[in-house]
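These notes concern the structure reproduced below.
The values are calculated or read from the model by the stated rules, or taken from the named source; none is laboratory data. Source: prediction; values computed, not measured. Here the Cβ is made from the backbone with ideal geometry for all residues, glycine too, and neighbour counts use every protein chain on show. Accessible surface areas use protein heavy atoms only, side chains included; no ligands, DNA or RNA. Shrake-Rupley method; radii C 1.70, N 1.55, O 1.52, S 1.80 Å.
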Amino acid sequence: MLQHFGKYLLFMSNLFSRGESPRIIFNRTIDEAILIGINSIFIVAIVSTFIGAVTCVQVSYNLNNAFIPRSTIGFMVREMTILELAPTITSIVLAGKVGSSIAGGLGTMQITEQVDALEVMGINSASYLVLPKIFAALLVFPMLVVLSMFLSIAGGYIAGTVTGALTAQEYITGIREDFISYNVFFALIKSIVFAYLISSISSYRGYYTSGGALEVGAASTTAVTNSVIAVLIADFICAQLLL
């Protein structure tokens, strides 16, 4: 573990040595942002909407005390969504989709010697291939988390009103009650941390793949596993430090 951690730190430092021109990095970052962001909107939308709906239904099921106002359901859906469900669950989903894609793509380039070809041409392959992926993840992950927040709260609204758990006015009153804007800032900070961890760990696993197609699959699996573990640990650390 310590060997991999040291190798990972050296890999991160290598990204900024003999870096490519800012124009090339910018153009590649936009391309990667489209691949990471646009192609992930559908899965994020589906997961977020149903998480909000399920949260609303389950909170309503457990909130059966007549002395507790039904607007509390909307309040709890909002708090759970902003503080935990939107940034963490979205990042775990993206770790599986984006992380495996990054590791698989870099691993394939490594075993087909495309990375070596870039080095022969005098290009820092780590900087050219990996740095745009990290910048793109840092750019689009907060956007996807904001989308997840909105759709999750909207899913709770739809589920609550359709099932009759509470009225639309009660739900809106709940999501407006005691709103703390810092919680949104906290969620965005977590999304940036998660974006860096997922993109960098997946890139590291893919970049150092050796062997054949079997090893590429193993690298993708390891990248997803390590990314999810790193996200959960970072989630706890961020909560301890920032809340």
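Quick notes on this structure:
- Counting the residues of segment 60-116 that are closer than 30 Å to residue 233 by Cα and of a type in the set (Lys, Arg) gives 2.
- The residue pairs whose first member lies in segment 19-44 and is within 17 Å of residue 191 (Cβ to Cβ), whose second member is of a type in the set (Val, Ile, Thr), and whose beta carbons are closer than 6 Å, counting only pairs six or more residues apart or on different chains, are 33/140; 36/98; 36/140; 37/140; 44/90.
- Among the residues of segment 126-150, those that are of a type outside the set (A, V, I, L, M, F, W, C) and buried (at least 24 other Cβ atoms within 10 Å of the Cβ) comprise 133, 148.
- Taking segment 190-213 as the range and being open to solvent by 70 Å² or more (accessible area, probe 1.4 Å) and touching a residue at least 60 places away in the same chain (Cβ under 8 Å) as the test, the residues that pass are 196, 208, 210, 213.
- Meeting the requirement of 1 or more residues that are among the polar types (S, T, N, Q) and surrounded by fewer than 18 Cβ atoms within 10 Å (Cβ to Cβ), the helices (runs of 4 or more DSSP H) wholly within segment 12-89 are 22-37, 41-62.
- Identity of the residue in segment 180-189, without any contact (Cβ under 8 Å) to a residue 24 or more places away in the chain and part of a helix (DSSP H, G or I), that ends up surrounded by the fewest Cβ atoms within 10 Å (Cβ to Cβ): 182
- Applying the condition of being touching a residue at least 40 places away in the same chain (Cβ under 8 Å) and of a type in the set (S, T, N, Q) to segment 214-243 and asking which residue is surrounded by the most Cβ atoms within 10 Å (Cβ to Cβ) yields 227.
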